[in-house]
Amino acid sequence: MDRGCTGDLSRADAAESAPGRLLATLGRVRIDLHTHSRASDGTQTPRELVQAAAAAGLDVLAITDHDTSAGWTEAAAAADEYGVELVRGMEISTRHGHWGVHLLAYLPDPTYAPLVDELDAVLDGRSARVPMMLERLRGLGIAIDDEDVRRAAHGTAATGRPHVADALVTLGVVADRTEAFDRFLGAGRPANVQRYAAPLLDTIRHVTAAGGVSVIAHPWGRSLHRLSEADLAGFRDAGLSGLEVDHQDHDREARAELRAIAGNLGLVVTGSSDHHGAGKNDHELGVNTTAPDQYERLLDLADAAASAAGRATPEIVRG
């Protein structure tokens with residue numbers, strides 16, 4: 001985790017006067033709150049990601065690499081250059097019961113020790129399972145080694161299955177990441193290996209204590225288990241702020257049901273692309289967006305969390 005990633009901290013003190021908070025009142029605003037760079041499993045550098053967001057006509061972008069803030073500094077500099085409002089965040093790998101849940105954390109203090117410890121444990125778990133996956137692939141007759149994955153990972157802090165998938169593409173074993181997951185790396189496939197994920201409720205509390213806010217990513221999109229309204233109410237009571245409703249993994253019916261649940265529970269509704277560059281098809285920047293009023297709600301909750309925590313939390317980069 002990047003421990004020295006920002007030089008413009010102390011968001012809570014500046015929130016009331018920040019001119020960027022007026023952005024959502026000025027005409028049509030396009031807000032994408034879930035994207036990935038090469039700091040985790042995207043295929044663009046943080047700078048390239050921001051540049052692509054500007055070219056796509058986005059006004060607000062959140063960088064949310066998996067379990068790391070390593071791309072924040074580069075993305076912030078690019079946002080200032082290209083005139084994009086940047087929200088610094090991350091997508092944390094968590095577990096609730098027997099099920100994996102991805103938690104989007106926005107604007108936490110990246111030096112808060114309990115959060116740092118959990119992220120380090122998650123990253124260690126990612127890295128530790130790669131050799132086991134490679135051993136299983138070799139057992140299937142595929143000639144692949146650590147160096148193949150290192151080249152595919154480009155020095156990321158969060159080496160994992162997508163980089164193994166990219167190595168398989170480079171080696172000509174599969175055509176793309178999707179085929180790699182479908183044949184070898186996805187749940188129940190022959191080279192899949194379980195890894196550590198942080199306890200969800202504890203992680204929500206850590207993000208809040210770090211002065212940030214949390215949103216469940218694609219809550220009905222990645223497993224056979226659908227988190228119930230009762231589950232989500234418990235997460236809200238632990239400090240959860242919102243649900244990512246508008247996502248490519250949710251069909252129209254799921255979006256309507258999740259929007260109703262969010263309304264019942266008083267949770268913010270977000271929408272986003274879950275963009276990974278060339279690493280994921282049909283997730284173009286801005287394919288789903290967050291409504292300006294919901295973005296303002298999220299920022300208000302973040303300001304309140306930062307004030308309550310009394311921590312040095314990242315400012316929005318106003319571009």
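The values are calculated or read from the model by the stated rules, or taken from the named source; none is laboratory data. The structure displayed is predicted, hence computed values, not measured ones. Virtual Cβ from ideal backbone geometry, glycine too; neighbours counted across all protein chains shown.
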### Task
Answer yes if at least one residue in region 109-119 is free of Cβ contacts under 8 Å to residues at least 12 places away in the same chain, surrounded by fewer than 21 Cβ atoms within 10 Å (Cβ to Cβ) and out of contact with any Leu (no Cβ under 7 Å at 6 or more places or on another chain), and no otherwise.
yes
### Per-region count, region 175-222, residues in a helix (DSSP H, G or I) and among the hydrophobic types (A, V, I, L, M, F, W, C)
9
### Summary
Filtering region 222-240 down to residues that are touching a helix residue (DSSP H, G or I) at 6+ places or on another chain (Cβ under 9 Å) and either aromatic (F, W, Y) or closer than 19 Å to N288 by Cα (or both) yields F235
### Message
Condition (residue is surrounded by fewer than 20 Cβ atoms within 10 Å (Cβ to Cβ) and of a type outside the set (G, A, S)) applied to region 310-319: is it met by at least one residue?
### Response
yes
### Message
Take the residues in region 138-150 that are surrounded by 13 or more Cβ atoms within 10 Å (Cβ to Cβ) and assigned to a helix (DSSP H, G or I); name whichever of them is modelled with the lowest pLDDT.
### Response
R150
### Message
So if I check each of D65, D41, D80, D59, which one is farther than 20 Å from L123 by Cβ, acidic (D, E) and surrounded by 18 or more Cβ atoms within 10 Å (Cβ to Cβ)?
### Response
D59
### Message
Give me the residue from region 200-254 that is among the polar types (S, T, N, Q) and within 25 Å of G188 (Cα to Cα) and, out of that set, surrounded by the fewest Cβ atoms within 10 Å (Cβ to Cβ).
### Response
S228
### Task
Consider only pairs whose beta carbons are under 6 Å apart and that are at least six residues apart or on different chains; among these, list those whose first residue lies in region 258-270 and is part of a strand (DSSP E or B) and whose second residue is small (G, A, S).
V268/S241; V268/G242; V269/A262; T270/G242
### Query
Assuming S241 fulfils every condition listed in (1) at pLDDT below 95; (2) touching a Ser or Thr at 6+ places or on another chain (Cβ under 7 Å) apart from one, which condition is it?
(1)
